[in-house]
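As structure tokens, the structure follows; a few thoughts come after it.
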Amino acid sequence: MSAGRNAVVAEGLGKRFGDKVALHGFDLTVAEGSVCGLLGPNGAGKTTAVRVLATLLRADAGRAEVAGFDVTREAAMVRRQIGLTGQQATVDDILTGRENLIMWGRLFHLGSRAAARRADELLEQFGLTDAAHRRAKLYSGGMRRRLDIASSLVLAPRVFFLDEPTTGLDPRNRGEVWNALRGLVAGGTTVLMTTQYLDEADQLADQIVVLDGGRKVAEGTPSQLKSQVGGDRIDILLRDEADVPAAAALLARITGVEPDVDAPLRRLSAAVRGRVATLTEVVRALDHEGLVAEDIGLRRPTLDEVFLRLTGRPAEPSTTSESEKTEVAA
């Protein structure tokens with residue numbers, strides 16, 4: 001691929017399963033060497049989109065290219081360019097980490113020496129060298145996931161698809177997987193991942209696409225999407241609940257918008273434009289009115305707020321997949 005070329009292009013993809021519309025007019029463009037996160041509630045069409053792009057499903061409408069090849073007419077060529085990892089780690093517990101990777105190398109038609117050499121490279125890349133000769137059943141959740149991802153990278157794919165890469169992992173193990181993926185992207189691989197962990201998309205994705213009901217409802221960088229819910233916000237925690245009405249009126253007057261109020265928790269929040277100037281004005285006004293704030297500060301909107309605004313429901317990480325794990329072999 002030449003510099004600046006798009007790794008994934010989809011135009012008007014449509015897919016139905018009986019009466020259910022899984023994708024409707026779905027468009028997507030992912031630049032080479034970037035990370036694109038597909039967000040959406042269960043059943044939004046995220047996994048269906050990945051399966052179409054990975055040649056595992058045929059779209060009913062539209063067209064798509066991956067690594068410059070048409071996913072329908074040149075499916076075999078697409079499969080030679082991609083890696084795919086689903087939600088559930090599929091490693092052989094009886095084999096060691098190194099033996100798992102060698103096995104996958106042989107399945108991908110590498111010779112025995114080439115498979116062993118590639119296994120050692122991947123073990124080092126994913127921080128598993130010290131555990132190379134330990135049976136996989138003794139690995140932690142994060143180590144198993146890293147080994148699983150490594151097995152899909154034996155042929156050094158140009159484009160890597162991940163379906164819910166850290167579902168079920170604790171924060172430490174999620175961090176291990178995130179670091180592995182950052183290293184992968186630094187090496188030039190394009191990553192398209194589905195996730196319901198909004199902090200994961202915020203941490204990893206250069207581009208986020210939000211799906212709901214099979215349709216794309218928003219697209220942009222994390223910062224661009226956050227700006228859609230009103231830019232920066234000022235949050236206030238008052239000392240006394242009795243001061244909430246007066247503080248709410250004060251905040252509405254200064255910001256020009258009605259604040260969100262949680263009286264029992266003594267919390268107020270409102271969108272602001274002037275950032276520091278507005279914060280200074282609010283602090284002075286609270287002091288002038290004798291309203292005591294235990295905490296006050298500026299923050300950017302969260303992706304959770306974006307998700308709620310776009311889909312009408314909060315994000316809730318799922319432990320179930322829209323489809324079972326499928327590996328793609330050349």
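Take the residues in the range 26-79 that are assigned to a strand (DSSP E or B) and over 17 Å from residue 7 (Cβ atoms), then tell me which one is nearest to the chain's Cα centre (by Cα). Break it down stepwise before answering.
Initially, the range 26-79 is screened for residues assigned to a strand (DSSP E or B), giving 26-31, 35-39, 61-66, 69-70.
Now drop any that are not over 17 Å from residue 7 (Cβ atoms), which leaves 39, 61-62.
Values: 39: 7, 61: 26, 62: 24 Å.
Checking each candidate, the answer is 39.
Tell me, yes or no, whether the range 21-30 has at least one residue that is buried (at least 16 other Cβ atoms within 10 Å of the Cβ) and charged (D, E, K, R).
No, because not a single residue in the range 21-30 is buried (at least 16 other Cβ atoms within 10 Å of the Cβ) and charged (D, E, K, R).
Across the range 156-168, what is the total count of residues that are modelled with pLDDT of 90 or more and either under 15 Å from residue 90 (Cβ atoms) or assigned to a loop (DSSP other than H, G, I, E, B) (or both)?
Counting residues in the range 156-168 that are modelled with pLDDT of 90 or more and either under 15 Å from residue 90 (Cβ atoms) or assigned to a loop (DSSP other than H, G, I, E, B) (or both) gives 4.
What's the number of the only condition in (1) outside the structural domain of residue 43 (by TED's automatic domain parsing); (2) crowded, with 16+ Cβ neighbours inside 10 Å; (3) of a type in the set (A, V, I, L, M, F, W, C); (4) modelled with pLDDT under 95 that residue 257 fails to meet?
(2)
What number of residues in the range 121-155 are assigned to a helix (DSSP H, G or I) and under 20 Å from residue 85 (Cα atoms)? Please lay out each step first, then the result.
Filtering the range 121-155 for residues assigned to a helix (DSSP H, G or I) gives 121-125, 129-131, 136-138, 141-151.
Still in the list and also under 20 Å from residue 85 (Cα atoms): 121-125, 136-137, 141-151.
Adding up the residues that qualify gives 18.
Looking at the range 116-154 only, could you name the residues that are under 20 Å from residue 186 (Cα atoms), touching a residue at least 40 places away in the same chain (Cβ under 8 Å) and touching a Gly at 6+ places or on another chain (Cβ under 7 Å)?
Of everything in the range 116-154, those that are under 20 Å from residue 186 (Cα atoms), touching a residue at least 40 places away in the same chain (Cβ under 8 Å) and touching a Gly at 6+ places or on another chain (Cβ under 7 Å) turn out to be 125, 147, 152, 153, 154.
Mind checking whether some residue in the range 63-77 is within 24 Å of residue 180 (Cα to Cα) and surrounded by fewer than 20 Cβ atoms within 10 Å (Cβ to Cβ)? Talk me through it step by step, then tell me what you get.
In the first step, residues of the range 63-77 are kept if they are within 24 Å of residue 180 (Cα to Cα); the result is 66-67.
Filter again for surrounded by fewer than 20 Cβ atoms within 10 Å (Cβ to Cβ), leaving none.
No, the range 63-77 contains no residue that is within 24 Å of residue 180 (Cα to Cα) and surrounded by fewer than 20 Cβ atoms within 10 Å (Cβ to Cβ).
Restricting attention to the range 112-120, does a residue exist that is among the acidic types (Asp, Glu), farther than 30 Å from residue 15 by Cα and outside any helix (DSSP H, G or I)? Outline the logic, then answer.
Here is the first cut: in the range 112-120, the ones among the acidic types (Asp, Glu) are 120.
Those still in the list that are farther than 30 Å from residue 15 by Cα too: 120.
Restricting the remaining residues to those that are outside any helix (DSSP H, G or I) gives none.
So far as the range 112-120 goes, no, none of its residues is among the acidic types (Asp, Glu), farther than 30 Å from residue 15 by Cα and outside any helix (DSSP H, G or I).
Consider residue 180 carefully, then state whether it is among the small types (Gly, Ala, Ser), more than 30 Å from residue 294 (Cα to Cα) and either surrounded by fewer than 15 Cβ atoms within 10 Å (Cβ to Cβ) or touching a strand residue (DSSP E or B) at 6+ places or on another chain (Cβ under 8 Å) (or both). Quick ask: steps written out before the conclusion?
Working: among the small types (Gly, Ala, Ser): yes; more than 30 Å from residue 294 (Cα to Cα): yes; either surrounded by fewer than 15 Cβ atoms within 10 Å (Cβ to Cβ) or touching a strand residue (DSSP E or B) at 6+ places or on another chain (Cβ under 8 Å) (or both): no.
Against the criterion (among the small types (Gly, Ala, Ser), more than 30 Å from residue 294 (Cα to Cα) and either surrounded by fewer than 15 Cβ atoms within 10 Å (Cβ to Cβ) or touching a strand residue (DSSP E or B) at 6+ places or on another chain (Cβ under 8 Å) (or both)), residue 180 does not qualify.
All but one of (1) part of a helix (DSSP H, G or I); (2) of a type in the set (D, E, K, R); (3) within 35 Å of the chain's Cα centre (by Cα) hold for residue 273; which doesn't?
With (1) part of a helix (DSSP H, G or I); (2) of a type in the set (D, E, K, R); (3) within 35 Å of the chain's Cα centre (by Cα) applied to residue 273, the lone miss is (1).
Quick check, is residue 80 among the basic types (Lys, Arg) and modelled with pLDDT of 95 or more?
Values: among the basic types (Lys, Arg): yes; modelled with pLDDT of 95 or more: no.
No, not satisfied.
Could you check the range 1-48 and list, in sequence order, the residues that are within 25 Å of residue 81 (Cα to Cα) and of a type in the set (Asp, Glu)?
Once the filter is applied, which keeps residues that are within 25 Å of residue 81 (Cα to Cα) and of a type in the set (Asp, Glu), the range 1-48 yields 11, 27, 32.
The values are calculated or read from the model by the stated rules, or taken from the named source; none is laboratory data. Since this is a predicted model, take the numbers as computed values, not measurements. Here Cβ is always computed from backbone atoms with ideal geometry, including for glycine, and neighbour counts include all displayed protein chains.
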